[in-house]
Every structure is written in C-alpha cells, then in structure tokens.
Amino acid sequence: MIKINGLHLNNIRGDIYGGLTAAVVALPLAMSMGVASGVGPIAGMYGAIFVGFFAALLGGTPAQVSGPTGPMTVVMAAIFIQYTGMYPDNPSQGAALAFTVVVLGGLFQIAFGVLKLGKYIELVPHPVVSGFMSGIGVIIILLQFGPLLGQSADSNPLQAAQSIPDYISQFDINSLSLGIIALLIVYGVPAFLPRLNKLVPSPLLALVIGTVSYLVFFTGSSTPVIGNIPTGFPDFHFPVIDTSLLLQIVASGLTLAGLGAIDSLLTSLVADNITRTQHKPDRELIGQGIGNTIAGLFGGLPGAGATMRTVVNVKAGGRTPISGALHSIILLVIVLGAGGLASDIPKAVLAGILIKVGTDIIDWNYLKRIKSAPRAGVFIMFSVLIITVTIDLLLAFAVGMIIASFLFMQRITDMQIKLMRPITEPSNEIPLSNIENKILEQADNRLLLFHLSGPMSFTSAKALIRRHASVMDYDILLLDLTEVSVIDYTFTRALDDIIINTIEIDKDILLIGASEKVQAMLQKQDVLKHFNKDTIFSQRVDALKYAEKLINKK
C-alpha cells in the first residue's frame, strides 16, 4: 500500500479552504501558461490538474501545490516550437514529439528520485539560482509585449525585444487598454487593497474584470482572444519516438527534468520555511515525475512546485496533500463543464497577468544587495542571467555551476595550502610539545616536519609538491598526517611522488599518524610499500625521537 506523505485529517477545514484558494489562483495562471507555451490554454489546465494531483499525493512536500510554472512554460514553449517546426506539413507529429519529451522528462525525474539525487539540488549556489530564475522572468516579460499590444507573440526573447518598436508602431489600442487594466489590478490590488487580495486573488480579479470589460466595451473589435477551448476529459496520447531525433529528445527531456527538479525543490524549501517542516526531496522528485509523465500522456504542460500557489495554500490553512489534490479536482470540474466560458478571455489580459508572474520570478532581493554581495557571486548571477535570456537555459545553468565550482575549488585549495606546514625549527604554527620543540631545535634544521591537516584533495596536489620542493635542505622527512581526515587518489599520487623523490636523493622518510581511512587509501595505492614497521608511527613524539637517533648515528 502506498503511504501518502504527511496525510492526516486533523486539518481538514484548513486543507479544503487552502485547496479552494489555490485553485482560484491557479485558474488564470494555468490558462496563461498554456497560451504562453503555444500549446493552448487547455494544456495549461491539464498540466495543473495532473501534475498538481499526483505530485500532491505521491510527493514529499505535504503543503506544496504543483502545476505549470514560468520556468517550465518557457522551456516547454521552446520545445514545442522546436519539434513542430521540424514537421511543417504535419504539426501534429511535432506536437506528439513535444509531449513525448514531457513524458520522458517525468521519467527522468522519477529516476532522479530513485537514485536519491534530490539532496544535490541543495548544493546549487544562490547566485546560479538567482541568475537562472531572473533570466526566466526576463524571458516571460519580453515574450508578453506582443500580446499586450495586440500583436502575435514571438517565440524568441531576443526577437521579441527587437520587435518592440514594431509592436508599438502597430499596437491595438483596445488590447493595450485591457492589458493596462490587468496590470493595474495585479500590481495595485496586492499593494493598496491587501484585504481584497486575500478575498479574491489579484490574477483572478484581473481575469474577470478584463474579460467583462472586453465583453461590454470591445466585443467585435480586433482584440485577440483565446477562442474555443475544448472541454471534457483529455484523450490519451501514446508517446511517439523518431529515432533520428533520439539524442535531441533525450536532451530536451533532461532539460525539463533538471529544471523541474530545481524549481520544485526550491519551492519545497519555501514551504518548509513557512510550515516549519522538512520535505523529502527524493520522494518529491518521484511525485513530480509521476505527475509530469501522466500530464505528457494526456497533453498537459509539464509542471513543478509552484511558489505562489504553495504560499497561498499555506496562508489559507492548507497543510496536507489533501489541499493540493483538491485544487486539481476543482480545476478538473471547471474543465469538464466551464471551458466555453473562457473562450472570450483577451490575450492582452493574460499577458498582463504573466508580466506580473515574470516580475515576481526575478530575484529583486539579490539585485538590491549587489553593492554588498561578493563580486564573484555577482559575476556568476549576471553570466547565468545573460546566457539564459540570449542562448539557452541548460547551458546557462551548466556555465553557472562550472564557474561556481571552480571558485569553490579555489577557496578549498587556498584553505588546504594554508594547512600544509613545512617545519624545520620550533614553531607555534602547530601545537608541539616541549620535547618535540627541543628535538627540532637540537636537530639544527636537519629534520623537516611536514605537517598536514584537514581533508586533502586533488585541488591542492600540485601545491603539496611545490611546498615540499621549497624546503630541500634536510636529512630526514617526517610526513605528519595526524590531523588529515581524508585524502583522494590525486593527492595520494602527489604524496607518492614526494616519497619517491626523497628516497631517490638518499634521505630518510617517516610516516606519522595516518588514520585508518587514510592508511587504507595509501595501502590501496601502494604508497605504504615505501615504509617498514620501523618507519610508521602513530605518535609524532615517537617519530621525532626515532629521527633524533638517526641523526645522532649519522
């Protein structure tokens, strides 16, 4: 029997109210996302229904509400255009491939969860996430300028930016008026009428007032509207595979899966902070994957944990998966019986709602702190943002992670180098006993105590060799690993090079204090073959006394 994470009936009233409120917020957003993706508003609704329902019941974040999000919609729009463009004479084949990508993305997410990769999402640095999300916010805003001004939407953000002068020169006054109404509502109501916003969320208010305004004042004008929306339960679509495009399909699926994982788990962290709970990241990935797989099979947009809907749900009292599942059921009821009522919704109104979504995604908090933020983080953030908007989302994320990884490795290397201390005389750098200091003093620089501490890795292997080479005037090398917690293969090879070099120049070498883990690594890589039982010591003082005897013999 499958156990639903966090399910109980002790909060049923709060969960019902949370589910109802989340559904009210999700309705205009799901349709807007569907229109923005190019697939159609009903696809956005199907995505909210299937991803929201299965991610709630099978995921690892009890209070989370899932559905189409801005980032996932941007990627899906690119995928839909890419594959339908490959079949100009048969666009349905391209659409089938696009939804196959959604299914594949869901399966990849399930695999991520099974392989327990969820914890690694928390390792993504904030500047990378900030640049990525801000870039997506900019893309959403740029793509809405056309619909806002009564023109067709561009599929590429750079093209949309370049087309702004043309949009302005050919704008439709009716569309612009409706778009402005929507913008005033989504920005003004939360700021100036917060009580009204709690009663009726601003996106829904904008949708209703904008549509009523169109029906009363602009019916029959040239203002673009959504048009006919199918009603009823969606048809099942078998996945379609074109072997000649297999690599592209896999790459697209991985893009959706990776973005959905990041998007969902970041929202899970938000939910944790509000509810003071701890989500299960791997289970959340499995739940999201199942939801996206089923959404793809029924022609729905891919989705992820939706921050706005999750926060609204929690603030309204939702705490268990009941609220997320109920939100999907309510949307399904609307699709089954009220799809025709949405056919007169102006696209300019949806554009206004989406512009608000785009501005909410931008990380304004980070931008406000740019002056005090580390320069390296600012560089990463803007690099990711620019690449996201101008080239590719996956490439932007990869570049950001690579830059961040190299900067992190540099910091680790600097730290490890500071913990490499070649000592030839009494010193306060490490806690030496009086006896140890006396032996070093009497040795008159003929002993080199090479003290290492902390974890040692490949990043500092070359530095180890350089530090050793900087002090060559000695008779006996004491390699002190007492405070070394772990070493990797590359660092082991560097140690081996130092040992071999010391032996070749006919100098003695002693090994001190290697822990069981470190000693096992040295043994595995044949480094211990250079020592015998008389030259391996557990205590530094014993090694120094032994070295003193060797010097006296010489």
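The values are calculated or read from the model by the stated rules, or taken from the named source; none is laboratory data. Only a predicted model underlies this, so the values are computations on that prediction, with no experimental measurement involved. All Cβ positions, even for glycine, are placed from backbone atoms using ideal geometry, and neighbour counts span all protein chains on display.
I'd like the full set of residues that are more than 14 Å from the chain's Cα centre (by Cα) and assigned to a helix (DSSP H, G or I), limited to segment 386-397.
ILE386, ILE387, VAL389, THR390
With THR243, THR223 as the choices, which residue is under 30 Å from ILE110 (Cα atoms) and modelled with pLDDT under 90?
So the residue among THR243, THR223 that is under 30 Å from ILE110 (Cα atoms) and modelled with pLDDT under 90 is THR243.
Answer yes or no as to whether ILE249 is on the phi < 0 side of the Ramachandran plot, in a helix (DSSP H, G or I) and in the same structural domain as MET133 (by TED's automatic domain parsing).
yes
Which ones in segment 57-73 are of a type in the set (A, V, I, L, M, F, W, C) and within 13 Å of GLY303 (Cβ to Cβ)?
VAL65, MET72
What residue, among those in segment 504-529 that are of a type in the set (A, V, I, L, M, F, W, C) and not in a helix (DSSP H, G or I), is nearest to MET472 (Cα to Cα)?
Here the answer is ILE505.
Mind listing whichever residues of segment 147-198 are among the charged types (D, E, K, R) and under 30 Å from VAL312 (Cα atoms)?
Of everything in segment 147-198, those that are among the charged types (D, E, K, R) and under 30 Å from VAL312 (Cα atoms) turn out to be ARG195, LYS198.
Looking at (1) assigned to a helix (DSSP H, G or I); (2) exposed (fewer than 14 other Cβ atoms within 10 Å of the Cβ), which is the one condition that is false for ASN501?
Exception for ASN501: condition (2).
Tell me the helices (runs of 4 or more DSSP H) entirely within segment 1-98 that contain at least 1 residues that are without any contact (Cβ under 8 Å) to a residue 12 or more places away in the chain.
So the answer is 70-85.
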